[in-house]
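As structure tokens, the structure follows; a few thoughts come after it.
Only the coordinates and a few stated rules stand behind these numbers; no lab work does. Note that the coordinates shown come from a computational prediction; the quantities given were computed from them, not determined experimentally. No Cβ is skipped: glycine too gets one built from the backbone with ideal geometry, and neighbour counts run over all protein chains shown.
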């Protein structure tokens, strides 16, 4: 069966890339021909009619002491091409990507089935960033097609309902055409029941469906060097409290912190400092770590997969339900901190119990995907 996967646009986000890679891989192992469907990314630009006003406004800001880039779009495009240098290389090597100017350009005859998922593909503010409508994440463009429609491990990213009344109505109607629907979080199941009136299954994030040995092969194949420390720090939103936590853990456990992300977001740096490390280096970080501190969902997932003790510093703005849901599955709720005062010495994780639970959940999740061939 020829399957297209619709997920969030792939860029420099390690978790986003690897969940697409993992879902593609597991479906291929089930005997399908699989492609990731994506709208083409175009360089950021100003419409001609806006240029005089925008450039003039920026010049005035600089003259009155408010520093800003006059040619922001050109600077942004230059930075993005560097930031994504390594992640784009992984995508081109391992992801079967098919890009379209618009989802409406896809022909019905191209695919036997379309799988929507995983990640926060049903969160409007993330899916619509590439000038898409959230309804396309429910296959509005394929509304009249005679194909199989599956939602696998989709996430709303939050416990709050972020759809307008019209979006709720339209997406609910489109969802009724799906043969199977599953979500990643228990909160997602509750939202589907409350706002769409349907009961759905909860399944694992795709990254957990393939073995850690599969990921190890990726960095071994590329001969990635050993990490420069043993306390893996993967922090997306840096604040002083998190730095204090990292220093505290490093001192207590006599560990050497190391990072596996670039300094993107910080100003005053040379362009090469913005380049994200390779995906393989990111994976190797978990292999080498003795402990992990993160505020990232997928770094939490890979800590579990690689059996590494970890602490997750939750970020309510990004959504806590993603963390609580996966941690509840494995009985690791105490590993989530909402502030520094909650940190303490935790009991050792019973990895035999965690791995046993993981094996069972993998079988249940794969059963859901096997129904595609029915």
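Tabulated data
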{"read-out": "Gained length - residue 225 relative to residue 63, 0.36 nm times residue gap less alpha-carbon distance", "value": "53.6 nm"}
{"read-out": "Per residue, the convex hull volume that the Cα atoms of region 20-166 enclose (Å³)", "value": "176"}
{"read-out": "Normalised contact order of the chain, rounded percent, pairs of Cα under 8 Å and 6 or more residues apart", "value": "17"}
{"read-out": "Expected 222 nm ellipticity per residue - DSSP helices of 4 or more, -39500 (n - 2.57), all of the chain, to 500", "value": "-11500 deg cm²/dmol"}
{"read-out": "Virtual spin-label span in nm between residue 168 and residue 251, 7 Å along Cα→Cβ", "value": "5.0"}
{"read-out": "For region 276-310 and region 1-26, distance of Cα centres in Å", "value": "19"}
{"read-out": "Max mean-square fluctuation residue, GNM over the chain, Cα-Cα springs under 10 Å, options 102, 119, 205", "value": "102"}
{"read-out": "Relative contact order (%) - criterion: Cα under 8 Å, at least six apart; region: region 257-374", "value": "16"}
{"read-out": "Stretchable slack from residue 341 to residue 46, in nm (0.36 nm times residue separation minus alpha-carbon distance)", "value": "101.6 nm"}
{"read-out": "Distance in nm between pseudo-label sites at residue 366 and residue 212 (7 Å out along the Cβ direction from Cα)", "value": "1.8"}
{"read-out": "GNM result for the chain, Cα springs below 10 Å: residue of 307, 13, 77 fluctuating most strongly", "value": "77"}
{"read-out": "Mean-position separation - Cα centroids, region 117-160 and region 52-102, in angstrom", "value": "26"}
{"read-out": "Pairwise centroid distance, computed over Cα atoms, of region 315-348 with region 178-194, Å", "value": "22"}
{"read-out": "For the chain, alpha-carbon Rg and Dmax in angstrom", "value": "21.5, 67"}
{"read-out": "The chain: most fluctuating residue of 302, 165, 310 per GNM, C-alpha cutoff 10 Å", "value": "165"}
